[in-house]
Amino acid sequence: MAGTRLTVVICQAQGRNPVKRQMEEDILTSLIMEPGIDVSLVPHLYDMSNDHTGMMFLRSVPGNLLVMGWLYERATQWTLDRAGVRGHEGLTLLRSEPEEDEDFEDVEKHEARGIGSVDVPDRKLYCMDLRVSEKAQDYINEVVRISNENNVQTVDLMSFINGTPKAEQLQRYLNPERQLEARKALDSGSANVADKEVLPEDTNRRWYPVIDYSRCTNCMECIDFCLFGVYGVDALDRILVEEQDNCKKGCPACSRVCPENAIIFPQHKTPAIAGADGEVGGIKIDLSKLFGGDDGASAIEMAVLERDRELILDGREAVGMSVGLKTRERDEFDDLMDDLDSLEL
Ligand code: SF4
Ligand code: SF4
């Protein structure tokens, strides 16, 4: 029955790292053979614009969807949410572990209290991080396990497809063998016109914040803090990333200001900022790296310095602490920070 099929979409790595490409190809080749599974390749998720055919393809998938790529699961989930690709979170047993690092400290469990997503269709959405295991077989086994689990469920087909992409635009994603062949031809420099037609359009590297609405409380601190017009509000007065390409490349300033750690920069080198699991919703939090500098600067001080640097690069005046910072009331998080400070960690 069509409704029980699982669609697996592999989001390619940026660049042409041969190890990563081999992993993608091994998974794709093996899953093509699996009954009950449809598999496709799209470009790197974070780099696709809303109207890229890869994103349209993702929006057109009816039924349960599993998206794997080179990002933390949370970053994948909320980048998809931003593009209107939603579902109830599916459980994957192959997940990134919370970082075991001396900069991570145990904190009390903090329940997610965000405003949540909207228009979530009745289907499952699974996200996988391809950096969790070096073995393609581990992903294949987990996909097959999930597919078997899905076989005993039914989903309400087609009721949530957003937009009506043209079938011919999506055709390239429906023929993974041909897609793989064309990709190999491109890598070896022998791609012809027909190969190029089945490959997705190119993407450019991008940099913008992604909001995790399971944590975001709609406090609007980010919109007040950002002086580059990135944030806005939707018709329901919910915060949203409105002009994502106005964001300053490499700068994660507003993620330090968000009191809920709800702002993700999926390509940032610090796991906590890039969406690594377990810092706030779970048990661990990267205190020194996320909220302050190695030299003892506080999170807010670092954010202000980062914002000032970008203002000056834009030919504008630095504003320091004078703009967009609320004096928020102390909460248990501040108490925790003080306790940790007193322990001189
Ligand atoms: S600062 Fe964080 S919690 Fe507040 S509206 Fe922005 S993303 Fe949401
Ligand atoms: S990183 Fe800077 S420019 Fe980008 S959204 Fe945040 S505050 Fe605005």
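Below, the figures for the structure above:
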quantity	calculated
Pair list, Cβ < 8 Å and 6+ apart or interchain, from the stretch 207-230 residues that are at positive phi to residues that are in a loop (DSSP other than H, G, I, E, B) and of a type in the set (A, V, I, L, M)	Asn218/Ile115
The stretch 218-229, subset within 13 Å of ligand 1 (Cβ to nearest atom) and assigned to a loop (DSSP other than H, G, I, E, B), residue surrounded by the fewest Cβ atoms within 10 Å (Cβ to Cβ)	Met220
Filter result (closer than 15 Å to Arg256 by Cα and more than 11 Å from ligand 2 (Cβ to nearest atom)) within the stretch 212-231	Asp212, Arg215, Cys216, Cys219, Met220
Selection within the stretch 230-256 - more than 11 Å from ligand 1 (Cβ to nearest atom) and in a strand (DSSP E or B)	Gly232
Qualifying residues in the stretch 189-205 (those that are within 22 Å of Ser30 (Cα to Cα) and more than 24 Å from the chain's Cα centre (by Cα)) - the one modelled with the lowest pLDDT	Val198
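Table: residues versus (1) assigned to a strand (DSSP E or B); (2) basic (Lys, Arg); (3) at pLDDT below 95; (4) not assigned by TED's automatic domain parsing to the domain that holds Thr217.
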{"residue": "His268", "(1), (2), (3), (4)": "no, no, yes, no"}
{"residue": "Ile273", "(1), (2), (3), (4)": "no, no, yes, no"}
{"residue": "Gly278", "(1), (2), (3), (4)": "no, no, yes, no"}
{"residue": "Ile285", "(1), (2), (3), (4)": "yes, no, yes, no"}
{"residue": "Lys289", "(1), (2), (3), (4)": "no, yes, yes, no"}
{"residue": "Gly296", "(1), (2), (3), (4)": "no, no, yes, no"}
{"residue": "Ile300", "(1), (2), (3), (4)": "no, no, yes, no"}
{"residue": "Leu305", "(1), (2), (3), (4)": "no, no, yes, no"}
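The values are calculated or read from the model by the stated rules, or taken from the named source; none is laboratory data. Only a predicted model underlies this, so the values are computations on that prediction, with no experimental measurement involved. Note: ideal-geometry Cβ built from the backbone for every residue, glycine included; neighbour counts use all protein chains shown.
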